[in-house]
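The values are calculated or read from the model by the stated rules, or taken from the named source; none is laboratory data. Fair warning: this is a prediction, and the values are worked out from it, not measured in the lab. Counting neighbours? That spans all protein chains shown, and the Cβs are built from the backbone with ideal geometry, glycine included. Just the protein is used for accessible areas: all its heavy atoms, side chains included, with ligands, DNA and RNA removed. Shrake-Rupley method; radii C 1.70, N 1.55, O 1.52, S 1.80 Å.
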Amino acid sequence: MNEPIRPNGPDDPRLAPYRNLRERTLRGQSLFIAEGLLVVERLLRSPWPVESVCVTSAAWQRCTFRELLCDIPVYMIDDNTAMETIVGFEFHQGILALGQSRILPDCAQGVLASDRSTRGAWVVLPRATQPDNLGLAFRSAAALHAQGVLLGQQCCDPFSRRALRVSMGGVLQVPVFQAVDLGQELALLRRSLEMTLYATVLDDTAVSLYAKRQWPEQTFFLFGNEYDGLSAEEIAWADEKLVIPMNLNVDSLNLGVSVGVFLYEYNRSRFLG
């Protein structure tokens, strides 16, 4: 591992990608920022390339994955005050990493090219527009062994700082695909493999999730927008509607929580029968 580099102050051009992060986005630059020891470590262990790491002296002392930093420039910052001058806001986690993004495969291409020998459900998100909710959905997907996440063209960026942070690096742990036309790509998948697509809805006519005992070989769960659920067109893509039975005084669950509930029940039913 190379020795950490001491930049020439906050205006050092090598720190430019880390500067004033609150006021700008790296979208369109093929770059993204990972924050905190856990997320940075997951980035370093993922297939995503890493350009550099920016870390305070204190966080460097707590870093237990230095062996992963071979040939990656590490810029050492004296303290939190100096780090906050660079990033432009109060920042206590002490470490950032600059990852390289790439164009994601479309959903049909990604699923058909994936290894489906290990059973697992797929998460389909046509219109997840809030980074917090998208991040939590990825966290649930990573924790509960989802095969992958399929994003519709209206979804927000899964590699935004907030989505990546809330996901606790889950975005880096689960295969993710981006649709050009989600409806057409799901139709192509239906023609190419035996799959069952379940629309997750709030509907008295839907089948209770807890009544499901058997799951098909290729299971896809379709989750709606945080505010208005699934559209009639999106529901029409599905083979069956499923609902989580809930207290009558509660009208819905957070998107990420719903993803967790469906994947948990899928795994429980499949493994325990």
Residue by residue through the range 177-196, note down the ones that are farther than 16 Å from Tyr266 by Cβ, open to solvent by 10 Å² or more (accessible area, probe 1.4 Å) and in contact with a strand residue (DSSP E or B) (Cβ under 9 Å, 6 or more places away or on another chain). Phe177, Gln178, Glu185, Arg190
Just checking, which of Ala199, Ala238 is buried (at least 20 other Cβ atoms within 10 Å of the Cβ) and part of a loop (DSSP other than H, G, I, E, B)? Ala238
Within the range 77-102, can you find the residues that are of a type in the set (Phe, Trp, Tyr) and open to solvent by 10 Å² or more (accessible area, probe 1.4 Å)? Phe89
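Name the one entry in Phe159, Phe177 that is touching a residue at least 60 places away in the same chain (Cβ under 8 Å) and assigned to a strand (DSSP E or B).
The unique qualifying residue is Phe177.
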Considering Val171, Val259, which residue is closer than 16 Å to Val149 by Cα, at pLDDT 95 or above, in contact with a Ser or Thr (Cβ under 7 Å, 6 or more places away or on another chain) and assigned to a helix (DSSP H, G or I)? Val259
Residues in the range 204-218: is at least one in contact with a helix residue (DSSP H, G or I) (Cβ under 7 Å, 6 or more places away or on another chain), open to solvent by less than 80 Å² (accessible area, probe 1.4 Å) and either closer than 23 Å to Gly135 by Cα or polar (S, T, N, Q) (or both)? no
Please count how many residues of the range 1-20 are over 17 Å from Asn80 (Cβ atoms) and modelled with pLDDT under 90. 3
Run down Val123, Val74 and say which single residue is at pLDDT 90 or above, open to solvent by less than 10 Å² (accessible area, probe 1.4 Å), touching a Ser or Thr at 6+ places or on another chain (Cβ under 9 Å) and under 30 Å from Leu222 (Cα atoms). Val123
Can you pull out every residue in the range 40-74 that is more than 25 Å from the chain's Cα centre (by Cα) and assigned to a loop (DSSP other than H, G, I, E, B)? Cys70, Asp71, Pro73
Let me confirm something: among Arg42, Arg27, which residue is modelled with pLDDT under 95, under 19 Å from Arg161 (Cβ atoms) and among the basic types (Lys, Arg)? Arg27
Filter the range 114-145 down to residues that are part of a loop (DSSP other than H, G, I, E, B) and not hydroxyl-bearing (Ser, Thr, Tyr), then give me how many there are. 11
For a quick check of your reading of the model, give me the residue pairs whose first member lies in the range 191-216 and is closer than 18 Å to Ser252 by Cβ and in contact (Cβ under 8 Å) with a residue 40 or more places away in the chain, whose second is assigned to a loop (DSSP other than H, G, I, E, B) and aromatic (Phe, Trp, Tyr), with beta-carbon atoms closer than 8 Å and at least 6 apart or on different chains. Ala199/Trp237; Thr200/Phe223
Test: Val111 is at pLDDT 95 or above and in a helix (DSSP H, G or I): yes
